[in-house]
Structures are given as C-alpha cells and as structure tokens.
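Colleague: Structure in structure tokens, see below.
No value in this document is a laboratory result; all are computed from the given coordinates. It should be emphasised that the depicted structure is a prediction, and the values quoted were computed from it without experimental measurement. Here the Cβ is made from the backbone with ideal geometry for all residues, glycine too, and neighbour counts use every protein chain on show.
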Amino acid sequence: MTKYNELIVIANKNTKRVGRGIASGQGKTAGKGTKGQKARTGKKLGAMFAGGSGSLARRIPKGKGFKSLRTPAQIVYLDRLNELKGKTVDNFVLFEEGYISTPFQAVKVILRGELTETVDLRVTAASKNVKLAIIKAGGTFKKTAVPAQKEIVKDTKSDK
C-alpha cells in the first residue's frame, strides 16, 4: 500500500496536447468526435440551448406575479396610543409595550377608533387621518427613519 509521505506529487502538471498527430492518441479530431456544432471552434453553445427548437426556459410556463423582498411595515392602531398618554412614542416604546415584534422595522400607525390622549408620535409612517387625529388631540407627529440595528461585538480575548 502506498504511504502518504511516499506519494509522488507533480506540482505543475502539463496540459494534454490534443490534435498533434494520430500516434499521440488524441490526434485528428482531438477527442471532439466527427463534425457537428460541438466539434467546431468559435462560439460555444449556451447552457439553455436545445438544438434550435426553442429553449427550455421559453417553453415552460412562467409563475404569475412576483415575490417582494421588501419587509412590510408593522401595523399599530391609533386607539392603542391612548394607553401611552403623555409619552414620546417611538419604535422602542411600542416594542416594550408589546405592540410590535421588533423595533428595527418600519412602523405605520393606521386609523381605528379615536385618540383622546396627547401623544408625541415618532415613527416611520402614519396615515393622513391619523396625523390629523393626533394634532386634534394636542399631540405631534414626526416622521423618523427606522433605527439601525447595531451589531453586538463580543470580546474574544479575555483580560487576565
């Protein structure tokens, strides 16, 4: 049995020279067979080429519609803001109260019920009627960007 340390390894192996005479074993047609489009030089066939009969990609039925990669905004209803009276309401406050699943996504407040308390709302979006209701109740609305999620970097080196 050959041992690992006794293997003969050739670092720079020469490439096979094809088409250099009949005696070489890879002469004449150089391993490409006789005639045909694949035996010719120049432009090669595409991966989806099917002999000119119409490619597979054009023959199969296409799925309708498309899948959006954008994450939808989290919805908060206006009447829920009554419980947060007098506070400055942003993504983190809504997350702590359990109205949204993560503070690092867009939040939109939409109209449902009435707002009776004063709130200072700072989120990504709100409907037109919500903005009017907040101002009518004596609060303010300011459009803000989605907070960036900071990566937590752990120290791999321990201080001794």
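Colleague: Do the conditions hold for LEU45, that is, is it exposed (fewer than 12 other Cβ atoms within 10 Å of the Cβ), assigned to a loop (DSSP other than H, G, I, E, B) and more than 26 Å from the chain's Cα centre (by Cα)?
Modeller: Yes: the conditions hold for LEU45.
Colleague: Working only within the range 22-42, note down all residues that are of a type in the set (Gly, Ala, Ser), outside any helix (DSSP H, G or I) and loosely packed, with under 10 Cβ neighbours inside 10 Å.
Modeller: GLY33, GLY36, GLY42, listed by residue number.
Colleague: Is it true that GLY54 is part of a loop (DSSP other than H, G, I, E, B) and loosely packed, with under 10 Cβ neighbours inside 10 Å?
Modeller: Judged against the criteria, GLY54 is a match.
Colleague: Considering only residues that are of a type in the set (A, V, I, L, M) and without any contact (Cβ under 8 Å) to a residue 40 or more places away in the chain, which ones fall in the range 74-123?
Modeller: ILE75, LEU84, VAL89, VAL93, LEU94, ILE100, VAL107, VAL109, ILE110, LEU111, LEU115, VAL119
Colleague: It is to be established whether one or more residues within the range 58-65 are over 33 Å from the mean Cα position of the chain (by Cα) and farther than 30 Å from PRO147 by Cα.
Modeller: no
Colleague: Given the condition closer than 24 Å to ILE134 by Cβ, surrounded by 11 or more Cβ atoms within 10 Å (Cβ to Cβ) and not hydrophobic (A, V, I, L, M, F, W, C), answer yes or no: does some residue in the range 65-75 qualify?
Modeller: For the range 65-75, residues closer than 24 Å to ILE134 by Cβ, surrounded by 11 or more Cβ atoms within 10 Å (Cβ to Cβ) and not hydrophobic (A, V, I, L, M, F, W, C): present.
Colleague: Report, by residue number, each residue of the range 61-96 that is under 20 Å from GLY139 (Cα atoms) and hydrophobic (A, V, I, L, M, F, W, C). Full working, then the answer.
Modeller: Within the range 61-96, the subset under 20 Å from GLY139 (Cα atoms) is 75-94.
Result: ILE75, VAL76, LEU78, LEU81, LEU84, VAL89, PHE92, VAL93, LEU94.
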